[in-house]
There are 2 protein chains.
Amino acid sequence: MQRTLSDISYSAEEIDLAAIAKALSHPVRIRILRLLAGETCCFTGELTGLIPMAQSTISQHLKALKEAGLIQGEIDPPKVKYCIDREKWAKSRALFAEFLKLDGRVGCC
Amino acid sequence: MQRTLSDISYSAEEIDLAAIAKALSHPVRIRILRLLAGETCCFTGELTGLIPMAQSTISQHLKALKEAGLIQGEIDPPKVKYCIDREKWAKSRALFAEFLKLDGRVGCC
DNA sequence: TTAGTTCATCGTAAATATACGATTGAGATG
DNA sequence: CATCTCAATCGTATATTTACGATGAACTAA
């Protein structure tokens, strides 16, 4: 990670896909998304109860998911309600589906 | 990244999904997969021609993709042929599709 | 006002990731 | 055999990630 990344010009799709993938690249974040996307909406408080990790760590993962646009936070004092961002969620589904549709021809391998 | 990750027990699906996502979490790897999954199979040599990065760096990314199971390397001296692993590819597609199908109920948000 | 909750942020330590150039090793070619 | 090419690996520097405890800010409740 020195200089080059900027030399290569990536398409918006490549950048988006990589960013979303990065957000999904830790099992605890998958778990969190599962919990949020599941039954009902959750509060962070419930998450700290469900996941044996320091509250600050969970908050950090939530922040990462929020920055990736995958979830939204709604303040509902004294708690903060987190929900998945359904729009981004759908966009992600489309992006991954399209990307993983590419199916190396039978060709040479 | 101290001790805990091992304290939490993740499902195989969560771990798989995170691992695949991690492999996809860098735009250059998306690019590489695109190239490999696209028209024909490629050789690493062609990749170094197509991507303005040091050969060693590309090799490192290829290794990451290989370890994630997303691509296969075939020795075809004096070159090494890389192709996407169609089985893993299909499995990944299914995993992501299933995961991203979860769609937060209309509920509270 | 004074506590008590709840969550974000700070500071920090350790692990991983990312990039490079240099080197090595395997096989082809002269 | 000597050499060339291609790709992997090594060594290294720097950046980022991940986790924790401690602290801070905002609101509630007594």
(request) Compute the Rg to Rh ratio over the stretch B:12-98 from the alpha carbon atoms, using the Kirkwood formula for Rh, and round to two decimal places. (result) 0.97
(message) Which lysines, if any, have their Cα less than 25 Å from the Cα of residue B:91, not counting same-chain residues under 8 positions apart?
(response) A:22, A:88, A:91, A:101, B:22, B:63, B:66, B:81, B:101
(message) Taking residue B:38 in one copy and the same position in all the others, each labelled 7 Å out along Cα→Cβ, what are the pairwise distances from the first, in nm, shortest first?
(response) 4.1
(message) Calculate the FRET efficiency for residue B:91 and residue A:12 from the Cβ-Cβ distance with a Förster distance of 30 Å, rounded to the nearest 0.05.
(response) 0.65
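Throughout, read-outs are computed from the coordinates displayed, never taken from laboratory work. The structure displayed is predicted, hence computed values, not measured ones. We place every Cβ from the backbone using ideal geometry, glycine too, and count neighbours over all the protein chains shown.
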